[in-house]
Amino acid sequence: GQNIDQPTEMTATEGAIVQINCTYQTSGFNGLFWYQQHAGEAPTFLSYNVLDGLEEKGRFSSFLSRSKGYSYLLLKELQMKDSASYLCAVRDLISASKLTFGTGTRLQVTL
Amino acid sequence: DGGITQSPKYLFRKEGQNVTLSCEQNLNHDAMYWYRQDPGQGLRLIYYSQIVNDFQKGDIAEGYSVSREKKESFPLTVTSAQKNPTAFYLCASRFEMNTEAFFGQGTRLTVV
């Protein structure tokens, strides 16, 4: 099975940098995804990591350490529109189709 | 335009009735998923399907049923056996050799 942990809520100031952590325990790991979800809407894809290291995409970066079962999403130059939930999801090794999500981190960006 | 469509957006049903949620995609994706989301919670996997005529239970399959008769369609039936059916239901699809999953806009089911 898989167990994925994220902080429930975070608050940060507009223009700042915030790091959202995700730890996972899994019987087989085959990639980690980050999604953004605004209230009442569908999740949208942000990033994908399957090898250790940092993936950068504009203001968003995602890091993975497979040996530590750890990932983080880094958001730079925060904007008010970044207020949303951020979901970490792990793909299973045995059944590559199976995607398991964490409970999500609700980020509030303030002035 | 290619995409994944869920209908209806809002659905109300009386307790004890079965209800079927529609999910259609024209992205030629192999894998399809159903997730349930409760207020302030993450997504929990109900069922998923990798190919036509095949599907697997997720973490919370009890009280739900699915079918995958066509590649484009993966309807979810919420049966009267599901004790707490009121929730936001999300359908997703993924091209098997690709990585990210695309989500429909969701169906908010309220059982009264």
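Computed quantities for the displayed model
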{"read-out": "Scan of the range A:77-103 for residues that are within 13 Å of chain B (Cβ to nearest Cβ), assigned to a loop (DSSP other than H, G, I, E, B) and more than 12 Å from A:Phe33 (Cα to Cα), ordered by number", "value": "A:Ile94, A:Ser95, A:Ala96, A:Ser97, A:Lys98, A:Thr103"}
{"read-out": "Which numbered condition B:Leu90 misses (of (1) more than 8 Å from chain A (Cβ to nearest Cβ); (2) closer than 22 Å to B:Asn18 by Cα; (3) outside any loop (DSSP other than H, G, I, E, B))", "value": "(1)"}
{"read-out": "Candidates A:Thr100, A:Thr13, filtered to the one that is exposed (fewer than 13 other Cβ atoms within 10 Å of the Cβ) and at negative phi", "value": "A:Thr13"}
{"read-out": "Any hit, the range A:63-77, residues being within 27 Å of B:Tyr48 (Cα to Cα) and without any contact (Cβ under 8 Å) to a residue 40 or more places away in the chain", "value": "yes"}
{"read-out": "Residue identified as more than 10 Å from chain B (Cβ to nearest Cβ) and open to solvent by 20 Å² or more (accessible area, probe 1.4 Å) among A:Glu41, A:Glu56", "value": "A:Glu56"}
{"read-out": "Residue count for the range B:72-87, restricted to those that are within 14 Å of another protein chain (Cβ to nearest Cβ) and closer than 16 Å to B:Glu24 by Cβ", "value": "1"}
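The values are calculated or read from the model by the stated rules, or taken from the named source; none is laboratory data. Model, not experiment: these values are computed from the prediction. Ideal geometry is used to build each Cβ from the backbone, glycine not excepted, and the neighbour counts take in all protein chains shown. Areas reflect the complete protein model, heavy atoms only, side chains present, ligands, DNA and RNA absent. Shrake-Rupley method; radii C 1.70, N 1.55, O 1.52, S 1.80 Å.
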